[in-house]
1. So if I check each of ARG37, ARG2, ARG16, ARG9, which one is open to solvent by 80 Å² or more (accessible area, probe 1.4 Å), touching a residue at least 40 places away in the same chain (Cβ under 8 Å) and of a type in the set (Lys, Arg)?
2. Among the residues of the stretch 40-65, write down those that are farther than 17 Å from LEU92 by Cβ and in a helix (DSSP H, G or I).
3. Go through (1) assigned to a helix (DSSP H, G or I); (2) within 15 Å of the chain's Cα centre (by Cα); (3) not polar (S, T, N, Q) for VAL72 and report which single condition fails.
4. What are the residues in the stretch 19-34 that are surrounded by 14 or more Cβ atoms within 10 Å (Cβ to Cβ) and more than 21 Å from SER80 (Cα to Cα), if any?
5. Would you point out the residue of the stretch 1-18, among those that are over 25 Å from ALA85 (Cβ atoms) and assigned to a helix (DSSP H, G or I), that is nearest to the chain's Cα centre (by Cα)?
6. Within the stretch 53-68, which residues are hydrophobic (A, V, I, L, M, F, W, C) and under 28 Å from SER4 (Cα atoms)?
7. When only residues in the stretch 47-86 that are under 19 Å from ARG9 (Cβ atoms) and β-branched (Val, Ile, Thr) count, which is least open to solvent (accessible area, probe 1.4 Å)?
8. Filter the stretch 76-92 down to the residues that are of a type outside the set (D, E, K, R), assigned to a loop (DSSP other than H, G, I, E, B) and under 20 Å from ILE36 (Cβ atoms) and list them by number.
Amino acid sequence: MRYSYEFKRKCVEMYRKGILPDIPDGITKEEFQHQIRRWTRIEDANGPTVLRHKSQNKYWTPEEKLKLVSQVITGKSCKSVAFNAGINDGQL
C-alpha cells in the first residue's frame, strides 16, 4: 500500500505523542504499527524529507552496495544499516 507524505508525517507525529491513528482498510493493526515504527526510525536517521516519494529509483554503485554490506558483515544489524541508508530492510 502506498501512503502520501502528509499521511506518513501525521502518523509519525501521532506515534511520538503516543496516539495510534486510524488504521487504513486492508492492513492489520500490528502491521500498521510496525510500519509507523519503521517510518519513525528512518526519519530519525535521515530527516523528514526521506519519507517523500521519489520521482525515480536511486541507482546504487557497487561501492555503495559494498559499503552497506560491509557494515552488516562487521556486526551491525541489517535493519539499522538499512534504516540509516533510508531504505527498507528487505532491500538490503
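The values are calculated or read from the model by the stated rules, or taken from the named source; none is laboratory data. Note that the structure is predicted; figures quoted are calculated from it, not measured. Every residue, glycine among them, receives a Cβ derived from its backbone with ideal geometry; neighbour counts consider all protein chains shown. When the accessible area is computed, the model is the full protein with side chains, heavy atoms only, and any ligands, DNA or RNA have been set aside. Shrake-Rupley method; radii C 1.70, N 1.55, O 1.52, S 1.80 Å.
1. Values: ARG37 fails: touching a residue at least 40 places away in the same chain (Cβ under 8 Å); ARG16 fails: touching a residue at least 40 places away in the same chain (Cβ under 8 Å); ARG9 fails: open to solvent by 80 Å² or more (accessible area, probe 1.4 Å).
Going through ARG37, ARG2, ARG16, ARG9 in turn, the sole match is ARG2.
2. Passing the criteria: THR40, GLU43, ASP44, PRO48, THR49, LEU51.
3. (2)
4. PRO21
5. Of the stretch 1-18, the ones over 25 Å from ALA85 (Cβ atoms) are 14, 17-18.
Remaining after also requiring assigned to a helix (DSSP H, G or I): 14, 17.
Values: MET14: 16, LYS17: 19 Å.
Looking at the filtered set, the residue picked out is MET14.
6. If we filter the stretch 53-68 for residues that are hydrophobic (A, V, I, L, M, F, W, C), which is where we start, we get 60, 66, 68.
Once the filter is applied, which keeps residues that are hydrophobic (A, V, I, L, M, F, W, C) and under 28 Å from SER4 (Cα atoms), the stretch 53-68 yields TRP60, LEU68.
7. Here is the first cut: in the stretch 47-86, the residues under 19 Å from ARG9 (Cβ atoms) are 47-55, 83, 86.
Now restrict to residues that are β-branched (Val, Ile, Thr): 49-50.
On the way: THR49: 93, VAL50: 31 Å².
Out of the qualifying residues, it is VAL50.
8. Step one: of the stretch 76-92, the residues of a type outside the set (D, E, K, R) are 77-78, 80-88, 90-92.
Restricting the remaining residues to those that are assigned to a loop (DSSP other than H, G, I, E, B) gives 77, 86-88, 90-92.
Once the filter is applied, which keeps residues that are of a type outside the set (D, E, K, R), assigned to a loop (DSSP other than H, G, I, E, B) and under 20 Å from ILE36 (Cβ atoms), the stretch 76-92 yields SER77, GLY86, ILE87, ASN88, GLY90, GLN91.
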